[in-house]
Every structure is written in structure tokens, then in C-alpha cells.
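What follows is a single structure, written as C-alpha cells, with notes after it.
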Amino acid sequence: MFVLFKYIDDLLGKGLEWYVIFEVMFYASATNVAMALPLSVLLASIMTFGNLGENYELVAIKSAGISLKNAMAPLFVLVIGLSLASFAFSDYILPKANLKYGSLLYDIRGKKLSFMLKEGVFNNSIPNYSIRIDKKSPDGNSLYGVMIYDHTSNLSVPKIIIAKEGKLYKTNGDSAVVFKLKDGIRYEEASGNGSYDPRQQFYRMRFKETEQKFDFSIFKMKRTEENSFKNETQMLNLKGLVHKQDSLKKNLDSTNTYIKNSLSSYYKQSYYVKGYSKIKTKAFPLKKGSILDVIPKTDRLRAAQSGFDQAESIRVSLNNLLENHAQQRIEITRTEVEYQRKFILAASCLLLFCIGAPLGAIIRKGGLGLPVVMAVVFFLIFHVISVVSEKSAKEGSLTVFFGMWMAIILLTPVAAFLTYKATVDSALFDLSTYTRKFAAVGNLFRRKK
């Protein structure tokens with residue numbers, strides 16, 4: 001649904017088949033796995049161990065001499081397998097899904113508007129034609145008040161067709177769209193011989209019925225070659241990301257060398273007679289104050305203007321080079337972010353399982369009540385930290401590694417703390433425990449009073 005809401009303007013009014021829209025949603029759903037899979041692992045682990053705790057099955061397991069860690073071990077092995085599968089998904093399947101999704105969405109955006117004429121609005125979807133209707137029937141088959149501007153001739157003045165009624169249909173082979181018009185007039189100016197003619201000829205032809213054909217191929221969506229998008233960052237696996245990152249770094253080094261060489265020429269002193277003369281001259285002594293004092297008064301204005309022009313040339317050249325340099329740095333950062341993202345999905349599944357399993361054992365509630373609330377709270381914390389730190393990494397405020405792994409680093413102590421509390425049977429979320437403690441503190445104050 002999010003895909004439909006985001007790209008509703010690109011999908012509606014273009015005559016797309018149902019399977020094309022389904023294909024877009026199918027490929028877009030692959031990108032949502034990175035958000036749905038960790039949340040599902042967290043919710044499933046909380047519900048599973050919450051049901052065990054609510055039905056006192058954890059008590060039976062512990063009374064049999066099996067600790068909570070040993071009880072979690074089989075599921076932990078299962079989640080490790082799920083994490084490895086998610087890593088393979090991120091490295092192999094997700095880039096291909098992004099490639100097909102990106103190319104298909106590009107073709108949909110570039111597709112011509114379908115021939116859905118709106119009342120009182122000129123439609124320019126057909127090249128060299130502009131069509132307007134006053135009214136159309138509820139079923140859309142009959143059109144009234146049709147006006148067509150034909151710009152196919154070489155003259156600057158178009159041909160005009162006005163009809164009271166018309167119908168629109170396709171030929172049997174879907175090769176053309178036919179506009180069948182009734183009771184109309186065709187206006188046309190005759191083409192001259194290239195010279196000025198004060199007596200211009202103007203034709204007006206009335207018709208009872210006529211047909212105007214349009215090529216239907218302009219309405220069909222043409223698929224772009226997918227290889228045109230395969231070098232995009234989101235369409236690459238680990239091997240492709242490493243190769244692209246090396247190429248970008250080499251280009252950045254070349255840009256740095258070019259900037260250094262192009263700007264250093266402005267600050268070097270030229271010795272035109274070096275190597276051609278054996279005459280030794282003393283260095284020119286510099287005086288304190290403005291450098292203009294060294295230059296004769298008659299040449300100061302010309303020297304200042306020359307210096308200003310040279311400084312302005314340096315500024316313009318440097319701004320263009322720095323803009324290219326910054327764009328290359330941004331592209332390198334995006335490549336590093338996508339490289340780290342391949343491992344984040346697997347690590348987040350492990351982390352959220354280590355949070356959800358002990359959390360379910362502590363709250364001892366199953367079903368879709370409290371477990372869902374706790375899962376949503378912890379996942380929102382994880383998601384907000386991930387989004388903020390990733391944005392900081394892209395902006396350069398954090399290194400890419402710490403920016404992408406910040407949520408994992410901050411929530412790992414939380415997972416260890418919850419595991420410890422669940423192992424020692426701590427009533428961390430039992431409100432009665434806290435009310436008893438507050439009551440005991442209140443009794444202590446009353447005794448002292």
C-alpha cells in the first residue's frame with residue numbers, strides 16, 4: 001500500500017495492465033524485507049517465550065535442570081540459519097529485485113498517457129496532436145464537442161477539426177486507435193510555393209462522417225534494457241560494491257591530483273631565464289606593508305586588476321572542482337553504506353531475537369496484547385536509531401561503520417541485561433513488585449517520622 005500511495009500519480013491514468021501493477025508491488029515488497037523480517041523475529045520470540053512463561057512451561061523446563069540459555073539454544077541456531085538466509089537474500093536476491101523494480105518504475109514513469117480524455121481539457125499525449133472534448137457519455141464510448149488540432153504539417157498553422165460527436169475504438173490487431181467523428185468541419189490553410197502570396201487560400205470542408213487514425217504503439221509501454229541500471233549502487237552485490245568503490249576512489253585520487261596541479265600553477269614563480277644564463281642575481285628584498293608599494297604607481301592599477309582577475313579565475317575553477325569532488329565523496333559514502341547494509345539485516349535478526357526471547361520470559365504474557373506493544377516499542381527504538389545514525393553517516397557527521405552499526409552497538413548491552421534478568425527470574429516488568437517497594441519505602445518514612 002505504501003508503494004501505491006507513493007507512486008499513485010505514476011500508475012493511474014496510463015492504462016497499465018493489472019499484472020504490471022502487481023509486478024511493481026512484488027518487486028517493491030522485496031525492499032521491505034529489511035524492515036519486516038527483524039520485526040517479525042522480535043514479535044515471534046516475545047510471543048513464544050511469553051506463552052511459555054504464561055503457561056508455566058518455563059518453570060517446568062527450569063525445574064528439569066535446563067537453564068533458560070539452554071532452552072533458547074535451539075531457537076538461537078534457527079535464528080542463525082535465518083540470519084544467514086537473510087544475508088544471502090541481501091546479497092543476491094535484493095539487488096536483482098531492486099534492478100527490476102527500478103527499471104520497471106522508470107518505464108512506467110516514461111510511458112505515454114493513456115487516451116483517457118478529460119472534459120474541457122486539452123490532451124497532448126499523442127505527438128503532434130492536441131485533442132479536447134466538451135462532454136463524454138458515462139460509459140466513455142461517445143464523445144461530444146470534439147476539437148482536434150493537427151500539427152503534422154510543415155506549416156506553422158495547424159489543421160483544425162471540429163465535430164459534434166465522436167467515438168474512440170481500437171482496431172482488431174491493436175495496431176491503431178481510430179477516432180470516428182460525425183457532423184463536423186475541417187479547417188485547413190493551403191500550402192504555398194515558398195514565396196509571399198497576398199491571396200492566401202483557406203479551405204473549409206464539412207463532413208457527415210470521417211475517421212482519424214493514430215498509431216497505437218505510442219500508448220504501449222516499452223521496456224528499457226535492465227543493463228542500463230545495473231551499475232546503480234542499490235543494484236550491486238558485495239563483489240560489485242567493492243569493485244565500484246575501488247573505481248570511485250581511483251577517480252577521486254585523479255581528481256585530487258588534477259586539482260593540485262591546476263591550482264599550484266597559479267602560485268609558482270616562473271623563471272624564464274633559468275638554464276639560459278649564468279648571471280647570478282640577488283633575491284629581491286621584500287618590504288613591510290602592502291605589496292602594492294613595491295610596484296610603481298603607474299602600474300599599480302593594472303597589477304591590481306590582473307591580480308583580481310586571476311583570483312576570480314581561481315575561485316571559479318576551484319568551485320567547479322570542489323563540486324565534482326564533493327559529488328564523488330557522496331557516491332563513495334553511498335557505496336560504503338550499501339556495503340554495510342548487507343550485514344545489518346542478519347545482525348539485526350540476531351540482536352532482536354536476543355532481546356525478544358528474554359523479554360517474553362520476563363513479561364510472561366502471550367497472544368497479541370502486551371507482546372505486540374513491547375515489540376513495537378523496541379523496534380521503534382531500533383529503527384529510529386538506525387535511521388538517524390545512517391543519515392548522520394551519509395552527511396559525514398559519523399563514520400560509515402559506526403553510523404550503520406550504531407543501533408546494534410547501543411542495543412547489545414540491553415539484550416545482555418535482559419538475558420541476565422530472565423536467567424535470574426527477575427520480575428522486571430511486574431508492577432506489583434514496584435508497588436510493594438514503594439509501599440515499603442513509605443512505611444519506612446512513616447516509622448522515622
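Checking the Cα-Cα distances for LYS118/LYS208; LYS96/LYS391; LYS69/LYS391; LYS365/LYS421; LYS136/LYS213 against a 28 Å cut-off, the pairs over it are LYS69/LYS391. In the range 335-406, Cα pairs under 8 Å separated by at least six residues give a relative contact order of 36 percent. Legend: ranking of residues ARG436, ARG364 from fewest to most surrounding C-beta atoms inside 10 Å; resulting order ARG436, ARG364.
Listed from fewest to most Cβ neighbours within 10 Å, the set GLU331, GLU390 follows the order GLU331, GLU390. Each of LYS159, LYS249 was scored by other Cβ atoms within 10 Å of its Cβ. Arranged with the fewest first, they read LYS249, LYS159.
Any read-out appearing in this document is the output of simple, stated calculations on the displayed coordinates, not a laboratory observation. The model shown is predicted, which means the values in this text are computed figures rather than measured ones. Note: ideal-geometry Cβ built from the backbone for every residue, glycine included; neighbour counts use all protein chains shown.
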